[in-house]
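These notes are about the structure you will find just below.
We did not get these values from a lab; they are worked out from the coordinates using the rules stated. Being a predicted model, the structure only gives us computed values, none of them experimental. Note that we place each Cβ from the backbone using ideal geometry, even for glycine, and neighbour counts take in every protein chain shown.
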Amino acid sequence: MNLHEFQGKAILRKHGVTVPESIIAFNPKEAMDAAKALQASTGTDKWAVKAQIHAGGRGKGGGVKIAKNIDEVEQYAQDIIGMMLVTPQTSAEGKLVKKVLIEQNIFYPGPEPTLEYYMSVLLNRQTGRNMIMYSPRGGMDIEKVAEETPELIFTEEIDPKTGLLPFQARRIAFNLELSGSAFKNMVKFVDALYKAYVANDASLFEINPVIKAADGRIFAADSKVSIDNNALYRHPDIAEMRDLDEEDPSEVEAGKYHLNYVKLDGDVGCMVNGAGLAMATMDMIKMSGGSPANFLDVGGTADAARVEQAFRIILKDTNVKAILVNIFGGIVRCDRVAQGIVDAYNNIGEIKIPIIVRLQGTNAKEAKILIDQSGLKVKSAIQLEDAAALVDNALKKI
């Protein structure tokens, strides 16, 4: 589950990570009030007005502005709230901005220059260990830094038996070429950041940029936080932070019926039981010249009602030109899936796009009889390759 910047910073603050003072606002009036409150509490004379959506690169799309006075705070809030913000991490349509974060200025003159770093905590899937990835080139696309100057990307792997050790935090500060109070503050920052990551069962904590202020303080100027969905039962307070407006409506609806659904950009709808079989099915569609429109796993205990809902969700995607149902009956019975297909046809009405069905395993014969006697215009296949070829042929006839 992804969190907004202001939500991630609330978690960071709770665990001792230094973050700028900020207030969320849903309209220009609230933005002005927030700016005045921050000025009174921190003395700041500038404010960052930051769009809150689940996507990075907001500044490139005009979603982050620096206001030099209260009037500019109001104007920028008015410009940003309600806009369809397009960034490198959104679709071409962008995402609707419904709120902004008003944040104190942390770029101010002092005895030392203000510097920006990159830092993230995530799982290294090759080694099965958490790691801290960091770079002195913060505030930039880390992918571009890794491509052009890979020597500026550092990693620190964490042994799960010991956790982050003090010498590792010091090595990070040393590699970032810090000294004096900034060195000590970075060591504390790294330690608190890693503890926040572990304590909240996160899959990603990304801070870009980490700011070394002119007085040597270290701030998390941004936060991109993802929490492991499988651990949310241990964090009901975080589960309540879920913003359904930021998620695909079809994926939200699928979750209500315990369907694992992810929307893709293709034109062939897929309904499969089991994640491995789903991946193989999508690969086969691609190899046959098609393009999968979704990942949809109905699970091992799918019944007719769940299959019908799966059909309804797939058909909501107007890009879908054909549907491939590929079920291997192990725990799930093929006749139940077949009954769901029949029910979907009868309850939804005429389905005008081609449907190709491959049912193998438990009660596959009974399933075939159900479909054959239903009078539905459904094409069947025994081998997965044959099913994918039927999909490709159906698309060519459209």
Open item on the list: On the Cα set of segment 21-105, report Rg and Dmax in Å, please.
Closed with: 12.2, 40
- [ ] Can you pull a Stokes-Einstein diffusion coefficient for the chain at 20 °C (1.002 mPa s), Rh from Kirkwood over Cα pairs, as a whole number of µm²/s?
- [x] 89
- [ ] Take the alpha carbon gyration tensor of segment 105-184, find the square roots of its eigenvalues, order them as a ≥ b ≥ c, and report rounded if a/c is under 1.5; if not, report prolate when a/b exceeds b/c, else oblate.
- [x] oblate
Open item on the list: Within 10 Å of each candidate Cβ there may be at most 11 other Cβ atoms; applying that plus a DSSP loop requirement, which GluC sites (Glu not before Pro) in segment 237-316 survive?
Closed with: E240
Task: Dipole magnitude of segment 248-397 about its Cα centre (Cβ charges: Lys, Arg +1; Asp, Glu -1), debye to nearest 20 - done: 280
Task: Partner lysines for K60 [C-alpha distance under 19 Å; skip if fewer than 8 residues away on the same chain] - done: K50, K95, K98, K99, K144, K224
TODO: Relative to the longest principal axis of the C-alpha atoms of the chain, give the angle of the C-alpha long axis of helix 180-199, reported between 0 and 90° and rounded to the nearest 10°.
DONE: 30
- [ ] Compute the Kirkwood hydrodynamic radius of segment 156-288, taking the inverse of the mean of 1/r over all pairs of distinct Cα atoms, and give it in Å to one decimal.
- [x] 18.6
Task: Relative contact order of segment 21-105, defined on C-alpha pairs under 8 angstrom at six or more residues apart (%) - done: 43
Open item on the list: I want to verify the translational diffusion coefficient of segment 61-168 in µm²/s; compute it with Stokes-Einstein, Rh as the Kirkwood radius over Cα pairs, at 20 °C and 1.002 mPa s.
Closed with: 122
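Once you sort the root eigenvalues of the Cα gyration tensor of segment 215-273 as a ≥ b ≥ c, which label holds: rounded (a/c under 1.5), prolate (a/b larger than b/c) or oblate (the other case)? Numbers along the way, then the final one.
Values: a/c = 3.06, a/b = 1.92, b/c = 1.60.
Because a/c hits 1.5 or more and a/b exceeds b/c, segment 215-273 counts as prolate.
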Open item on the list: If you average the C-alpha positions of segment 85-115 and of segment 196-220 separately, how far apart do those two centres end up, in angstrom?
Closed with: 15
Task: Label zone at E350, where the point sits 7 Å out along the Cα-to-Cβ direction: segment 358-398 residues whose backbone N lies under 13 Å - done: 377
TODO: Sort out for me the Cα centre separation of segment 29-49 from segment 366-383, rounded to whole Å.
DONE: 65
Task: Size of electric dipole in segment 76-137: Cβ of Lys, Arg +1 and of Asp, Glu -1, about Cα centre, debye, nearest 20 - done: 380
Task: Exposure proxy order (Cβ contacts within 10 Å, fewest to most) of I285, I24, I211 - done: I24, I211, I285
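Please give me, ordered by residue number, the trypsin sites (Lys or Arg not before Pro) of segment 49-152 that lie in loop per DSSP and have at most 10 other Cβ atoms within 10 Å.
Qualifying residues, ordered by number: R125.
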- [ ] List the trypsin sites (Lys or Arg not before Pro) within segment 246-318 that fall in a DSSP loop (any state other than H, G, I, E or B) and whose Cβ has at most 15 other Cβ atoms within 10 Å.
- [x] K316
Task: Relative contact order %, segment 248-397, counting alpha carbon pairs below 8 Å whose residues are six or more apart - done: 23
Task: the chain - mean residue ellipticity at 222 nm from DSSP helices (-39,500 (n - 2.57) per run, n ≥ 4, rounded to 500) - done: -11500 deg cm²/dmol
Task: Under 19 Å from the Cα of K379 - lysines, other chains or at least 8 residues apart - done: K321, K352, K365, K368, K396, K397
Task: Average Cα contact separation per residue, the chain, under 8 Å, 6 or more apart, as relative contact order % - done: 12
Open item on the list: With N set to the number of residues, divide the alpha-carbon radius of gyration of segment 248-397 by 2.2 N^0.38 Å and report two decimals.
Closed with: 0.91
TODO: Could you give the size of the charge dipole of segment 100-233 about its Cα centre, using +1 on the Cβ of each K and R and -1 on the Cβ of each D and E, expressed in debye and rounded to the nearest 20?
DONE: 460
Open item on the list: Need one word for segment 324-398: rounded, prolate or oblate. Basis is the Cα gyration tensor (sqrt eigenvalues a ≥ b ≥ c); a/c below 1.5 gives rounded, then a/b vs b/c decides.
Closed with: oblate
- [ ] Work out the charge dipole of the chain with +1 on the Cβ of Lys and Arg and -1 on the Cβ of Asp and Glu about the Cα centre, then indicate which of L85, V145, G16 is farthest towards its positive end.
- [x] G16
